[in-house]
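Asker: Mind having a look at this structure? Questions to follow.
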Amino acid sequence: QVQLVESGGGLVQAGGSLRLSCAASGLSFSSHTMGWFRQAPGKEREFVGRISYSGGSTVSDSVKGRFTISRDNAKNTVYLQMNRLKPEDTAQYYCAASRVEYALSRYAYSYWGQGTQVTVSS
């Protein structure tokens, strides 16, 4: 059974930093692209970034220069380092796994975690 478990969310002031982690089990982690998505109340789930099994990564324009994705295949874990956080980054953050290397759409992801809440106060 595939499990993706996010952690590291919380409440932070604007300008602060958080690092989210997502621990995966039950799948061949090193052969999956791992993605991060977020969803604010009343909004669609949106792409934040992804990192392929080879280590190539992409982040959305809204977080470019502030967020970085990395992975540790030995620990089956993917990270989202979030710096210079803004109130508009407030959302539930989800990690997901895909067999598609350059997966940008949520529909390309087969497995999802339960999410972790990030709240940025102004």
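The values are calculated or read from the model by the stated rules, or taken from the named source; none is laboratory data. All values derive from a computational prediction rather than experimental measurement. Virtual Cβ from ideal backbone geometry, glycine too; neighbours counted across all protein chains shown. When the accessible area is computed, the model is the full protein with side chains, heavy atoms only, and any ligands, DNA or RNA have been set aside. Shrake-Rupley method; radii C 1.70, N 1.55, O 1.52, S 1.80 Å.
Asker: Suppose we filter PHE37, PHE47 for residues that are within 10 Å of the chain's Cα centre (by Cα), modelled with pLDDT of 95 or more and open to solvent by 20 Å² or more (accessible area, probe 1.4 Å); which single one remains?
Answerer: The unique qualifying residue is PHE47.
Asker: Okay, next question. Residue by residue through the range 1-34, note down the ones that are within 16 Å of ALA103 (Cβ to Cβ), open to solvent by less than 40 Å² (accessible area, probe 1.4 Å), in contact with a Phe, Trp or Tyr (Cβ under 7 Å, 6 or more places away or on another chain) and among the small types (Gly, Ala, Ser).
Answerer: SER31
Asker: Next question, about the same structure. In the list MET82, MET34, which residue meets the criterion of being of a type in the set (A, V, I, L, M) and under 20 Å from SER110 (Cβ atoms)?
Answerer: Matching residue, one of MET82, MET34: MET34.
Asker: Something else now. Please go through the range 84-101 and give me each residue that is open to solvent by less than 80 Å² (accessible area, probe 1.4 Å), outside any loop (DSSP other than H, G, I, E, B) and either under 21 Å from GLY42 (Cα atoms) or of a type in the set (A, V, I, L, M, F, W, C) (or both), ordered by number.
Answerer: The answer is PRO87, ASP89, ALA91, GLN92, TYR93, TYR94, CYS95, ALA96, ALA97.
Asker: With the requirement that a residue be open to solvent by 50 Å² or more (accessible area, probe 1.4 Å) and hydroxyl-bearing (Ser, Thr, Tyr), what does the range 102-118 give you?
Answerer: Going through the range 102-118, the residues open to solvent by 50 Å² or more (accessible area, probe 1.4 Å) turn out to be 102, 104-107, 110-112, 114, 117.
Matches in the range 102-118: TYR102, SER105, TYR107, SER110, TYR111.
Asker: Where in the range 1-78 are the strands (runs of 3 or more DSSP E), entirely inside, with at least 1 residues that are on the phi < 0 side of the Ramachandran plot, basic (Lys, Arg) and without any contact (Cβ under 8 Å) to a residue 60 or more places away in the chain?
Answerer: 46-51, 67-72
Asker: So, LEU104, is that one part of a loop (DSSP other than H, G, I, E, B) and either among the aliphatic types (A, V, I, L, M) or modelled with pLDDT under 95 (or both) or not?
Answerer: Answer is yes for this residue.
Asker: It is to be established whether one or more residues within the range 72-80 are of a type outside the set (Phe, Trp, Tyr), under 23 Å from VAL12 (Cα atoms) and open to solvent by 70 Å² or more (accessible area, probe 1.4 Å).
Answerer: The answer is no, given that none of the residues of the range 72-80 is of a type outside the set (Phe, Trp, Tyr), under 23 Å from VAL12 (Cα atoms) and open to solvent by 70 Å² or more (accessible area, probe 1.4 Å).
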